[in-house]
1. Leu119 is checked against (1) in a helix (DSSP H, G or I); (2) surrounded by 13 or more Cβ atoms within 10 Å (Cβ to Cβ) and fails just one. What number does that condition carry?
2. Hey, does the range 227-247 have a residue that's modelled with pLDDT of 85 or more, closer than 23 Å to Val278 by Cβ and open to solvent by 50 Å² or more (accessible area, probe 1.4 Å)?
3. Could you run through the range 45-87 and say how many residues are touching a helix residue (DSSP H, G or I) at 6+ places or on another chain (Cβ under 8 Å), closer than 26 Å to Pro118 by Cβ and among the hydrophobic types (A, V, I, L, M, F, W, C)?
4. Against the definition (in contact with a helix residue (DSSP H, G or I) (Cβ under 9 Å, 6 or more places away or on another chain), not in a helix (DSSP H, G or I) and not small (Gly, Ala, Ser)), how does Pro202 come out, yes or no?
5. For Ser57, work out the one condition from (1) part of a helix (DSSP H, G or I); (2) within 20 Å of Gln126 (Cα to Cα); (3) over 26 Å from the mean Cα position of the chain (by Cα) it doesn't fulfil.
6. With respect to Ile156, is the statement that it is modelled with pLDDT of 95 or more, farther than 22 Å from Gly298 by Cβ, in a helix (DSSP H, G or I) and open to solvent by 70 Å² or more (accessible area, probe 1.4 Å) true?
7. Quick check: is even one residue across the range 130-141 outside any helix (DSSP H, G or I), over 29 Å from Ala32 (Cα atoms) and within 24 Å of the chain's Cα centre (by Cα)?
8. Kindly evaluate Pro180 against the criterion of being open to solvent by less than 90 Å² (accessible area, probe 1.4 Å), free of Cβ contacts under 8 Å to residues at least 40 places away in the same chain and assigned to a helix (DSSP H, G or I).
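The values are calculated or read from the model by the stated rules, or taken from the named source; none is laboratory data. Please read all numbers here as calculations on a predicted model, not as lab measurements. As a convention, Cβ positions derive from the backbone with ideal geometry for all residues, glycine included, and neighbour counts pool all protein chains shown. Areas reflect the complete protein model, heavy atoms only, side chains present, ligands, DNA and RNA absent. Shrake-Rupley method; radii C 1.70, N 1.55, O 1.52, S 1.80 Å.
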Amino acid sequence: MSTYSLSDGLASGAPRVARAPALADWVRESGAGIAASVAWIAFGLSCLWWEDVGDWSRTHSLGIAAFVIAALALFGTVGADYLGSAGSGLRKRAPWLLALGAFLTVWELATAKFAWLPLPFFPPPQAIIEVYTDDLPKLLDSVFASVKLQLGGYLIGATVGFLTGVSIGWSRAVGYWVHPVLRFIGPLPATAWLPIAFFTFPSSWSASTFLIALATGFPVTVLTWSGVASVSNAYYDVARTLGAKPSFLVLKVAIPAALPHVFVGLFMGLGSSFAVLVVAEMIGVKAGLGWYLQWAQGWAAYSNMYAALIVMSLLCSGAITLLFTIRDRLLVWQKGTVKW
């Protein structure tokens, strides 16, 4: 006689019921990665399937690179559980990979294949790749010149702004004399001083350094001053009770308490200094990414111009990332509150 019961049937069907949610979870987690792989395959096919309307030598290499990225995305998505943090990071960024692959596919079709966008104003992706391979020495020289000019002006402006802000926030006598000057000069855009700076300073390089320092110094001064002035008097009273001298109050109480404000000023100054850097290089300095942009526009080399803009964006983003890293190390208690 058969001993089959309803409970046995439910028990035998349990693995199937359990596998269904697991499969659904895997599809939900890996779907974006698989779609990203498909998008990059489409980009590779768009490079190799149709002939270019112009003469670009990197089309084939770009198509092969797209297929390689598609394979890596698919492998990383399928094997994400075995890749640890790298696999989880890939799944997290899979939607961006999908969007980038789709964007590059449309860009390739609209420029290199069917010329829906007018050339040379809208060059295809392979034209920009050619700039990085064929014009790399000139581009690297421009990057080095921009970094050197930016770094010098930013450090001078940040140092002077920090010292001025601490002095105004700590001393009423200094604030009495410096505050009116700051209210008069500070709100003016640094680029408004271009004619005076290039006439006063002996070289365009020193004039540009001054303008970058000016653009950096004002926000650093104001935010540092605000930070020092907002320190609670209770901190000073406790330090004085323990026998602290005025120098200790400034260096060990006021400045550490004002550091969150100081870093806000440094971030604001960094953005302003990059804007002034480009303008100064376009007008006066005969080197740097701003000069490279001006040169590319003059020769209608729009692919070079877009390549320089991408490099400039990466440099600015890298500088902000570095500043965030320094901030997180110094202000441990605020780490993660603002992310970049």
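1. All conditions pass for Leu119, except number (1).
2. Taking every residue of the range 227-247 in turn, none turns out to be modelled with pLDDT of 85 or more, closer than 23 Å to Val278 by Cβ and open to solvent by 50 Å² or more (accessible area, probe 1.4 Å).
3. Within the range 45-87, residues that are touching a helix residue (DSSP H, G or I) at 6+ places or on another chain (Cβ under 8 Å), closer than 26 Å to Pro118 by Cβ and among the hydrophobic types (A, V, I, L, M, F, W, C) number 8.
4. Criteria not met by Pro202.
5. Every listed condition holds for Ser57 apart from (1).
6. Answer is yes for this residue.
7. Scanning the range 130-141, I find at least one residue that is outside any helix (DSSP H, G or I), over 29 Å from Ala32 (Cα atoms) and within 24 Å of the chain's Cα centre (by Cα), so the answer is yes.
8. Spelling it out, Pro180 is indeed open to solvent by less than 90 Å² (accessible area, probe 1.4 Å), free of Cβ contacts under 8 Å to residues at least 40 places away in the same chain and assigned to a helix (DSSP H, G or I).
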